[in-house]
Every structure is written in structure tokens, then in C-alpha cells.
Amino acid sequence: MLAAALLGAVSAQGAQVGLDVAMGSDSVLANAKQTAYLRVAMTGHEFRDTSARVPVNVAIVLDKSGSMSGEKLAKAKDAAIMVIERLRPDDIVSVVAYDSVVTVLVPATKASDQAGIFAAIRSVWAGN
């Protein structure tokens, strides 16, 4: 593949990843030391799992103590939402937040109610 890349752009497609390789410039000087750049780009394709699986039951626990204020809690909430986005409608999810007290934000429910689950997650703030 690298030898082919030296001659021009090369693209390849797999089931889940696309690969694009190209030289930074169209020509290279003969018998001269120089720096050449090779551009490699990988693109992930949407994973389509066609196999059947048993529904999962996921509990998400968010730490909302004062030490999680700012970017830490924002990233934790974003990660929780990403997990839920990947669940199937018949999966079960519950969401709990804690600081000095544990609060059940979403009791065990089907993941099909994403809007309600996302709203509950977004309502969490450090220290409240």
C-alpha cells in the first residue's frame, strides 16, 4: 500500500473503516534529501449489527459532588447521553446521581424514551 501511495492517492474501503492515503506533494526530487509528507485519513463507517442480541439493562451513575463541577460533569453527562444513544429501544436504562445523597433520576425504563432520559441527565448540576 505504501508503494502505491508514493505514486498517487490510494483509497480503500472495508466493512467498517475507509482508508485514504496520499503524498503531500506530487513530486519528489531525485538524489536530494528532503522531507516528504504522507497523508493518511481513516473514516469510520456506521456500524450496522444485524445479529439479534438479548436486551441489556444499564445503570448509569453520575457523581454530582462539588469536585465534579464544570467540564468534568459536562463530559460525564455527554458520555452518559452517548451510551443511551447507542442503546436499542427495548434495552433498559436507569440513571442515578449522587453527592452526599443518592437520587434516582430515571428508574429502570425502556431506552426508547430518550428525550425524557436526556432531560433528566441534563438537569444534573454539581452540588445541587
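What follows draws every value from the coordinates through simple rules; no lab data is involved. Being a predicted model, the structure only gives us computed values, none of them experimental. No Cβ is skipped: glycine too gets one built from the backbone with ideal geometry, and neighbour counts run over all protein chains shown.
Quick check on the chain: helices-only [θ] at 222 nm, where DSSP H runs of length 4 and up contribute -39,500 (n - 2.57) each and the sum goes over total residues. Nearest 500, please.
-7000 deg cm²/dmol
Mind checking which aspartates and glutamates have their C-alpha under 18 Å from Lys75, skipping anything on the same chain fewer than 8 residues away?
Straight-distance partners of Lys75: Asp63, Glu85, Asp99.
Which far-off residues, 5 or more places away or on another chain, put their amide H under 5 Å from the one on Leu62, with H placed in the peptide plane?
For Leu62, the qualifying residues are Val96, Ala97, Tyr98.
Calculated FRET efficiency, Val58 and Leu19, Cβ-Cβ r, R0 30 Å, to nearest 0.05? Walk me through the numbers on the way to the answer.
On the way: r = 33 Å, r/R0 = 1.09.
It comes to 0.35.
Once you put a point 7 Å from the Cα of Val101 and another 7 Å from the Cα of Glu46, both along the Cβ direction, what distance in nm separates them?
Simple spin-label model gives 4.2 nm for this pair.
Please identify the chymotrypsin sites (Phe, Trp or Tyr not before Pro) of segment 22-98 that satisfy two criteria: DSSP loop assignment and at most 12 other Cβ atoms within 10 Å. Which are they? Intermediate results must be reported in sequence, preceding the final value.
Values: sites: Tyr37, Phe47, Tyr98; in loops: Tyr37, Phe47.
Here the chymotrypsin sites (Phe, Trp or Tyr not before Pro) that fit, given the DSSP loop and packing criteria, are Tyr37, Phe47.
Gaussian network model of the chain, Cα springs within a sub-10 Å range: biggest mean-square fluctuation belongs to which of Leu38, Leu73, Leu87?
Leu38
Could you state the angle between the C-alpha long axis of helix 71-85 and the longest principal axis of the C-alpha atoms of the chain, as a value from 0 to 90 degrees rounded to the nearest 10?
In the chain, helix 71-85 runs at an angle near 90 degrees to the longest axis.
Just Lys77, Lys33, Lys64 to compare: in a GNM of the chain, with alpha carbon springs under 10 Å, which one fluctuates most?
Lys33
Let me check against my output: what whole-number percent is the relative contact order of segment 57-122, with C-alpha pairs under 8 Å and at least 6 apart?
For segment 57-122, the relative contact order is 36 percent.
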